[in-house]
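Working notes, beginning with the structure itself.
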Amino acid sequence: MLKKKITYIDYNGAERTEDFYFNLSKAEVMEMEMSTNGGLSAMLEKLVATQDMPSIIKIFKDLVLKSYGEKSADGKRFIKNKELVEGFSQTEAFSNLFMELSTDSVLSAAFVNGIVPQAEKQPTSIPEGK
């Protein structure tokens, strides 16, 4: 999960700084990988190699919006729904983030690495004493 602090000017002219959360579950990543011919990773590599900027930007926008959500108060759920995503997409926070990620490859790589699931540590077992 990635927590990103974004400063923006709202539509009342007030400056705001808020924390926004982004995450893709293992299931979401798998679905994206499997629903793309050859896999999403391979397709992205091809787009970068050919410098197909319109396609790269579209996919990146989709990644940002698919990963946006809000944590439940108890931390058990990461809530994503059409209303939340649509609401976020209508803010200057989204616009600022999108512009930042579209123009800085280091930040965009860090964003992607932050939203994908990290490898889980395998539990170690301790042998029982005799």
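Quick note: the coordinates plus some simple rules give every number you see, no bench work behind them. Keep in mind that this is a model prediction, so the values were computed, not measured. Note that we place each Cβ from the backbone using ideal geometry, even for glycine, and neighbour counts take in every protein chain shown.
Just to confirm the number: angle between the C-alpha axis of helix 53-67 and the first principal axis of the chain, 0 to 90 degrees, nearest 10?
60 degrees
How far is helix 40-50 tilted off the main Cα axis of the chain, in degrees rounded to 10, range 0 to 90?
Once rounded, the angle reads 50 degrees.
From Cα pairs below 8 angstrom and at least 6 apart in sequence, can you work out the relative contact order of the chain, rounded to a whole percent?
29 percent
Can you find, among G87, N37, Y11, the residue farthest towards the positive end of the dipole of the chain? Put +1 on the C-beta of Lys and Arg, -1 on that of Asp and Glu.
Farthest towards the positive end: N37.
Using the Karplus curve 6.51 cos²θ - 1.76 cosθ + 1.60 with θ = phi - 60°, what ³J(HN,Hα) values do you get for each residue of segment 100-110, in whole Hz, with x for Gly and Pro?
Couplings: 4, 6, 6, 10, 9, 5, 5, 5, 5, 5, 5 Hz.
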